[in-house]
Amino acid sequence: MSTDAYRTAYAQSLEDPDTFWRAAADGIEWVTPPTTVLDDSNPPLYRWFSGATLNTCFNALDRHVRDGRGDQPALIHDSPVTGTKQTITYAGLLARVSTFAGALASLGVEKGDRVVVYMPMVPEAVVAMLACARLGAIHSVVFGGFAPAELAARIEDAQPKVVVAASCGIEPSRVVEYKPMLDAALDRSSHKPESVIVFQREQARAAVGERDTEWEEMDWDELVADAEPADCVEVAATDPLYVLYTSGTTGRPKGIVRDNGGHAVALRWSMSNVYDIGPGDVWFTASDVGWVVGHSYIVYAPLLTGATTVLYEGKPVGTPDAGAFWRVIAEHGVKAMFTAPTAYRAIKRDDPRGELLREHDISTLETVFLAGERLDPDTYEWATSTLGVPVVDNWWQTETGWPIAANPRGLEPMPIKAGSPTVPMPGYAVSILDETGAPLPAGEEGAIAIRLPLPPGTLATLWGDDQRYVDGYLSTYPGFYATGDGGLVDEDGYLFVMGRTDDVLNVAGHRLSTGSIEAALAGHPDVAECAVIGVADELKGQLPRGLVVLKGGVDGTGAEGERIRAELVKRVRDEVGAVAALRQVDIVAALPKTRSGKILRKTMREIADGRTPTVPGTIEDASVLDTLGPVLRPGG
Ligand code: COA
Ligand code: AMP
């Protein structure tokens, strides 16, 4: 490891991407090795490793078993919410995955078919994902905290042949039954799957096959009992591995398409070079398989590497206390962990002096990685001094699948600056642009954009909608991918990410759309119009707040107003999911808008956060802002 390793790698990745990524591709076993590296035949849509073939599941499982890792733990399920632990070896996971792949194949699932997976943090979720990869089918995992409307939107778009669900998820406060939510989602969706497979959990078994449905419903265990193991199907590097929906500003989620080849190459590279994890190391990502962090760093990257991944079904606090992560690290010998800053803020709140650390020996821990939202300097300082190991921020998005900016701990550890995710990773030509698309000098804040092409592993397109991909990401600054985040690069080339420049919400590291929460509010019979904004919150980073204007004649005061507000909070919980964490809805006389009718969410957000609001000259009626001031910031 030379002191210039990062600079050399980064420069080569941009100047000679073919050489750089061809070398990285050696970390993967191909059926047909790549001859083409970057395929730039159809700009602005770029592809990687066109013409090469492989199977991702083979690289994640079969290969390691063949090479002698069969008895090594592949996955440790540590579930304080059920009081169970389970270690599955590579050979064991391969057996389960090939059998479930056989079960899916018996239902007619083939290469290119979509399979929606709606499951909590159980090994079967990982088995379902890898079984799809084995068959060349495309999984689309939906986060268990999403309620019927969100699930239905994803089913509608992905058009799955099969849906795989668990009967329930377990939150510390309650058992969340998934089957009724799935039934409600399927009732709403015009697309119906051919089959629904339910993995039964004893905390709440689901009624299966009792409804008079257009699709067949069956138990996971019964289906698997009769299944023959299936072999890996060869797929093109450019074939989709999965579609993962993420929130934009509108209510319609965006189906991020990840390919097989570029994804495997980039994740394998990142595991060694960014996270410094190799074969046999124990790695713990506390997130959820329903988010991109879970896809990349609970499932694919550690398994592609031959490492052991911890699948933790619990919370940072309350299961049973703020020492939960330290227990997991000590018990399983974790070398590095990854989670969102909000989890550390929750631990800090409950155990500010880190007293629970004394109960656990975490001497195996070398590094903590944090991503998903801004790592505020306070949390960074607290985590660093409490744990005594480097705490490493990394910045990326569902779209990119792996870090855009990080401190490459395996390649060349770099000095850490609080508030910065450090430097751009290979292949990401990060630029800071002004509104006209002109580059800004060091130290000036602007829109963060990435010059095309994006590196391997990043989104190929949006599911079934190339044009929406081009319009949404590639048109604002021609020749660049617009990240939606704002920030700056300092004199040393360190990136600082300040936050979204659009109306996307980030609540406890969970990405949510203002549009879908607004759709739930707007569906209330008394609501004329509404807006949702994200306001700063000490624990969760942001919290959504709703503002509604009622229809003429509806009384929004006193007990009537109270009832409507409570119904609105419940509607969002029922439609979007508890994870939206909307607790406050205010009834107001009017919303601030431009003359063309665009609601000024950013202006309201600034008022709520106590900043000087930007008021566009095109505002229809500036006096509305005066009436909102006391609502958005009482006493402010
Ligand atoms: N299924 C069903 N419900 C879920 C859920 C799931 N998978 N995940 C969360 N919820 C529910 C919670 O039970 C809670 O419901 P409640 O309103 O009845 O209490 C609600 O959604 C909000 O959940 P959450 O955001 O987890 O807030 P919290 O107050 O329960 O916990 C933290 C706060 C910080 C401990 C928690 O957000 C956390 O662990 N964050 C880690 C961040 C993370 O994993 N980010 C992913 C990207 S890296
Ligand atoms: P998601 O697609 O859910 O991973 O959310 C991506 C968004 O989360 C980014 O566009 C950022 O706004 C935010 N984000 C993720 N990681 C970081 C980070 N390390 N620092 C600042 N913001 C982050």
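Projected onto the charge dipole of the range 502-632 (+1 at Lys/Arg Cβ, -1 at Asp/Glu Cβ, origin at the Cα centre), which of 568, 579, 604 gives the Cα projection farthest towards the positive end?
579
Hand me the chymotrypsin sites (Phe, Trp or Tyr not before Pro) from the range 213-316 located in a DSSP loop with no more than 15 other Cβ atoms within 10 Å, in residue order please.
Taking the range 213-316 and a limit of 15 other Cβ atoms within 10 Å, the loop chymotrypsin sites (Phe, Trp or Tyr not before Pro) found are 215.
So for the chain, Kirkwood radius off the Cα pairs, Stokes-Einstein at 20 °C and 1.002 mPa s: how many µm² s⁻¹? Present the calculation step by step, with values, prior to reporting the outcome.
Values: Rh = 25.2 Å.
Answer from the Stokes-Einstein relation: 85 µm²/s.
Extension gain residue 231-residue 596, at 0.36 nm per residue separation less the Cα-Cα distance, in nm? Let's see the in-between values first.
Working: separation 365, 0.36 × 365 = 131.40 nm, distance 5.73 nm.
Gain on extension, residue 231 to residue 596, equals 125.7 nm.
Please report the spacing between the Cα centers of the range 523-565 and the range 292-311 in Å, no decimals.
Each part's Cα centre sits 40 Å from the other's.
Considering only the other residues whose Cβ falls under 14 Å of the Cβ of residue 479, what net charge follows from Lys and Arg at +1 and Asp and Glu at -1? Don't jump to the answer; show the numbers that get you there.
Details: positive: 451; negative: 40.
Here the count lands on 0.
So which GluC sites (Glu not before Pro) in the range 170-213 end up in coil per DSSP with only 13 or fewer other C-beta atoms within 10 Å?
Those satisfying the criteria are 202, 210.
If one computes the Cα centroid of the range 108-157 and of the range 181-243, what distance in Å separates the two points?
After rounding, the separation between the Cα centres reads 8 Å.
Enumerate the residues in the range 249-267 having an amide nitrogen under 20 Å from the point lying 7 Å beyond the Cα of residue 466 toward its Cβ.
Residues 254-263 qualify, since their backbone N sits under 20 Å from the label point.
Taking the Cβ of each residue in 76, 197 as the centre, tally the other Cβ atoms inside 10 Å and list the residues starting with the fewest.
On the way: 76 21, 197 27.
Going from sparsest to densest Cβ surroundings: 76, 197.
Can you give me the distance in nm between label points at residue 476 and residue 536, each placed 7 Å from the Cα along the Cα-to-Cβ direction?
Label at residue 476, label at residue 536, 2.2 nm between them.
Count the net charge of all other residues whose Cβ sits under 13 Å from the Cβ of residue 609, scoring Lys and Arg as +1 and Asp and Glu as -1.
+3
Taking amide H atoms as placed 1.01 Å from N in the peptide plane, list the residues 5 or more away in sequence, or in a different chain, whose amide H sits under 5 Å from that of residue 277.
Correct list: 272.
Give the calculated FRET efficiency between residue 15 and residue 39 to the nearest 0.05, with a Förster radius of 25 Å applied to their Cβ-Cβ distance. Don't skip to the answer; put the middle values down first.
Numbers: r = 18 Å, r/R0 = 0.73.
So the FRET efficiency works out to roughly 0.85.
What GluC sites (Glu not before Pro) does the range 104-161 have in DSSP loop regions with at most 13 other beta carbons within 10 Å? If you can, show how the numbers build up before the last one.
Working: sites: 110, 124, 150, 156; in loops: 110.
Hits after loop and neighbour filter: 110.
Treating only the Cβ of Lys, Arg, Asp and Glu as charged (+1, +1, -1, -1), what charge dipole size does the chain show about its Cα centre? Round to the nearest 20 debye. Each step should come with its number before you reach the end.
Values: 56 positive and 87 negative charges, 141 e Å.
Here the size comes out at about 680 debye.
Laboratory data are not the source of any read-out in this text; all were calculated from the coordinates shown. Given the structure is predicted, the values throughout are model-derived calculations rather than measurements. Here Cβ is always computed from backbone atoms with ideal geometry, including for glycine, and neighbour counts include all displayed protein chains.
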